[in-house]
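In what follows, a structure is listed as structure tokens, so that the remarks can point back to it.
The values are calculated or read from the model by the stated rules, or taken from the named source; none is laboratory data. Nothing here was measured: the structure is a model prediction, and the numbers come from that model. Methodologically, a virtual Cβ is constructed for each residue, glycine included, from the backbone with ideal geometry; neighbour enumeration extends over all protein chains shown.
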Amino acid sequence: MTSSRRTFLQKLTAASALAASGTVSSVMARSGAPAYIPNLKKVSPNDKIRIATIGMGIQGNYDTMAALRNPDVELVAVADLYDGRLEHAKTAFAKDRDLFTTRDYREILTRSDVDAVLVVTPDHWHDHITIAALKAGKNVYCEKPMVHHINEGKAVIDAWKKSGKTMQVGSQRISSAAFQEAKRLVQAGEIGAINYIESNNDRFNAIGAWNYSVPPDASAQTLDWDRFLGDAPKRPFEAKRFFRWRNYRDYGTGVAGDLFVHLITGVHFVTNSLGPTRIYSSGNLAFWKDGRDVPDVMTSVMDYPKTDAHEAFQMVLRVNFANAGKIQNVTRIIGNEGQIEFSENNLILTKKKLPIAPGYGNYDSFFTFTEPVQQEFVRQYDAQYPPETRKAEPAKEVRFDSPKTDDAHAQHFADFFKNVRAGSQGTIEDPVFGFRAAAPVLACNESYFEQKVVHWDPVTMTQKNPSAPAARPGVARPNVARPGAPSPKAAAKKPVAKR
Ligand SMILES: NC(=O)c1ccc[n+]([C@@H]2O[C@H](COP(=O)([O-])OP(=O)(O)OC[C@H]3O[C@@H](n4cnc5c(N)ncnc54)[C@H](O)[C@@H]3O)[C@@H](O)[C@H]2O)c1
């Protein structure tokens with residue numbers, strides 16, 4: 001028996017012993033499958049799923065660490081465009097062994113020892129690499145938002161369906177205990193019919209506003225600038241654009257694609273909704289006037305229609321990166337019998353039910369009636385509302401604290417790996433789910449930049465009023481009163497950059 005095979009079996013035995021003793025982590029217990037995934041399918045000679053990370057920046061490191069917290073997984077290769085990150089990956093993940101590293105992700109896709117790739121590049125590369133990886137027979141974990149533009153979604157879904165491979169989109173919070181609990185509460189009717197969902201994600205610091213540190217050795221020699229640009233417009237090397245790509249529409253998706261997408265993913269998971277039909281945004285570039293072309297204050301309103309899964313509700317999302325006031329970020333799902341409020345990894349359920357009788361008096365028109373009319377009013381009221389209809393159920397607050405062991409990120413990967421082993425496409429956030437979350441947030445941007453209401457069909461996943469080419473970013477048009485230079489990428493979607 002090889003030593004890795006022995007370690008594998010030892011770990012399996014240890015996991016089984018933990019499960020039997022009842023101390024197994026809640027992550028395992030919740031999913032019904034141990035975090036250590038049984039060997040449903042032999043995917044490699046040493047029974048490990050061999051992964052490669054494409055894009056080993058901030059989230060690439062976090063994703064890789066989370067993936068590796070599942071003990072049947074091994075990192076075999078890394079692609080990144082900045083040499084420093086390839087070097088760092090070797091020391092961070094492969095101190096005592098070899099790790100294949102390359103600037104060219106296509107070298108990863110041709111390797112037969114790679115079972116799954118993690119696509120953790122800037123947003124404008126997601127669709128290209130994902131499609132190429134699926135075509136190459138790899139399973140794919142792709143970061144959110146799944147695509148950079150709405151018109152890229154169907155190609156990813158088609159490639160996934162055709163490939164038969166497993167794909168997970170990376171809004172990992174839906175794999176948290178809190179979101180699982182929220183779904184249970186909503187589906188059990190604990191807050192009645194949902195009518196409003198709100199969330200704000202305010203910040204006031206440079207890092208929070210995406211001005212990440214730029215390494216002093218960044219140059220056109222130490223990184224592959226041309227490949228970074230991909231299908232974005234050609235321009236001379238600029239380290240700021242490479243390391244702070246979120247600030248530019250050519251590569252990123254603004255606050256909507258970066259932050260709203262997590263919440264909308266959670267909402268769709270909890271409510272079983274397919275998405276909104278009407279999307280409107282407004283905002284401004286108020287403070288971070290550092291060359292970025294995306295707003296730092298944005299509010300979006302989305303109308304969700306009544307469906308078999310839920311009543312109609314409105315969702316309002318806000319980001320203010322220049323909030324120098326007291327920041328109170330809240331996410332609330334509000335129904336007609338209560339609300340769920342998320343805080344960190346926990347949630348508070350508040351239940352409140354109105355009595356049948358409406359009441360009278362206090363701040364009411366009752367005192368403006370004449371004495372005889374008041375008497376007649378009371379007589380009729382007493383006849384209509386017996387005492388039992390006047391009592392409100394006492395308001396109730398129930399707090400749910402996630403278990404300390406809750407690890408949503410590792411669990412999101414566990415779900416992916418479980419499906420890879422099973423040869424199944426049934427992940428918790430497959431590309432259809434991922435696109436139904438991505439498209440409305442991308443529509444938030446379209447609404448903001450083009451000052452229009454976006455009409456979206458969440459069932460067929462089509463936009464009812466796509467921009468006319470002349471109104472598309474990058475195509476000559478009257479300059480709307482919005483900050484930011486137009487991004488040419490969406491207008492003329494080019495094929496995968498063949499570099
Ligand atoms: N799920 C989450 O909570 C979460 C959190 C942060 C970021 N993200 C997502 O992760 C992705 C990466 O974000 P980040 O903050 O890590 O960015 P980053 O800039 O820190 O890292 C991106 C890396 O991708 C590399 N890269 C760019 N193009 C490439 C290509 N064609 N081939 C190979 N490597 C390439 C760059 O060299 C860079 O090192 C984004 O899509 C972002 O939205 C998700």
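Per the listing LYS289, LYS353, the residue uniquely under 24 Å from SER199 (Cα atoms) and surrounded by fewer than 15 Cβ atoms within 10 Å (Cβ to Cβ) is LYS353.
In the set (1) in contact (Cβ under 8 Å) with a residue 12 or more places away in the chain; (2) away from the ligand (no atom under 16 Å from the Cβ), the condition left unmet by ALA188 is number (1). For the range 128-148, indicate whether the set of residues that are more than 22 Å from THR405 (Cα to Cα), more than 15 Å from the ligand (Cβ to nearest atom), assigned to a helix (DSSP H, G or I) and polar (S, T, N, Q) is non-empty. Among the residues of the range 128-148, not one is more than 22 Å from THR405 (Cα to Cα), more than 15 Å from the ligand (Cβ to nearest atom), assigned to a helix (DSSP H, G or I) and polar (S, T, N, Q), which makes the answer no.
Filter the range 202-244 down to residues that are within 13 Å of the ligand (Cβ to nearest atom) and either surrounded by 14 or more Cβ atoms within 10 Å (Cβ to Cβ) or not in a helix (DSSP H, G or I) (or both), then give me how many there are. Can you show your working first?
Pass one, the range 202-244, residues within 13 Å of the ligand (Cβ to nearest atom): 207-208, 210-215, 218, 222-232, 239-244.
Then keep just the ones that are either surrounded by 14 or more Cβ atoms within 10 Å (Cβ to Cβ) or not in a helix (DSSP H, G or I) (or both); that gives 207-208, 210-215, 218, 222-225, 227-232, 239-244.
Total satisfying the criteria: 25.
Residues of the range 94-112 that are surrounded by fewer than 18 Cβ atoms within 10 Å (Cβ to Cβ) and either assigned to a helix (DSSP H, G or I) or of a type in the set (Val, Ile, Thr) (or both): THR102, ARG106, GLU107, THR110. Annotation: GLU181 fulfils all but one of (1) more than 30 Å from LYS306 (Cβ to Cβ); (2) touching a Ser or Thr at 6+ places or on another chain (Cβ under 9 Å); the unmet one is (1). Within the range 371-384, not a single residue is assigned to a loop (DSSP other than H, G, I, E, B) and either in contact with a helix residue (DSSP H, G or I) (Cβ under 9 Å, 6 or more places away or on another chain) or assigned by TED's automatic domain parsing to the domain that holds THR64 (or both).
Before we move on, is LYS162 within 26 Å of VAL117 (Cα to Cα), in contact with a Leu (Cβ under 9 Å, 6 or more places away or on another chain), surrounded by fewer than 21 Cβ atoms within 10 Å (Cβ to Cβ) and of a type in the set (Lys, Arg)?
Details: within 26 Å of VAL117 (Cα to Cα): yes; in contact with a Leu (Cβ under 9 Å, 6 or more places away or on another chain): yes; surrounded by fewer than 21 Cβ atoms within 10 Å (Cβ to Cβ): yes; of a type in the set (Lys, Arg): yes.
Taking the combined requirement at face value, the residue satisfies it.
If you go through the range 67-84 and keep only what is within 14 Å of the ligand (Cβ to nearest atom) and either surrounded by fewer than 21 Cβ atoms within 10 Å (Cβ to Cβ) or assigned by TED's automatic domain parsing to the domain that holds ALA220 (or both), you end up with ASP83, GLY84. Looking across the range 281-335, the residues that are within 15 Å of ASP258 (Cα to Cα), touching a strand residue (DSSP E or B) at 6+ places or on another chain (Cβ under 9 Å) and either outside the structural domain of GLU450 (by TED's automatic domain parsing) or of a type outside the set (S, T, N, Q) (or both) come down to PRO295, ASP296, VAL297, MET298, LEU317, ARG318, VAL319, PHE321. Residues that are outside any strand (DSSP E or B) and either within 30 Å of PRO295 (Cα to Cα) or at pLDDT below 95 (or both) within the range 179-201 comprise PHE179, ASN201, listed in sequence order.
Among the candidates GLY252, GLY283, GLY275, the residue that is away from the ligand (no atom under 11 Å from the Cβ) and under 15 Å from the mean Cα position of the chain (by Cα) is uniquely GLY275.
Residue check: is PRO403 out of contact with any strand residue (DSSP E or B) (no Cβ under 8 Å at 6 or more places or on another chain) and closer than 24 Å to ARG332 by Cβ? In short, yes. Only residues that are in a helix (DSSP H, G or I) and on the phi > 0 side of the Ramachandran plot were counted across the range 247-274, and they come to 1.
Selection of first residues in the range 293-313 that are modelled with pLDDT under 95 and of second residues that are surrounded by fewer than 19 Cβ atoms within 10 Å (Cβ to Cβ) and small (Gly, Ala, Ser), restricted to Cβ pairs under 9 Å at least 6 apart or on distinct chains, gives an empty result. ASN247 satisfies every condition listed in (1) within 15 Å of the ligand (Cβ to nearest atom); (2) within 20 Å of the chain's Cα centre (by Cα); (3) buried (at least 17 other Cβ atoms within 10 Å of the Cβ); (4) in contact (Cβ under 8 Å) with a residue 60 or more places away in the chain except (4). When you check ALA395 against the structure, is it outside any loop (DSSP other than H, G, I, E, B), modelled with pLDDT under 95 and over 30 Å from VAL261 (Cβ atoms), yes or no? So ALA395 fits the description; yes.
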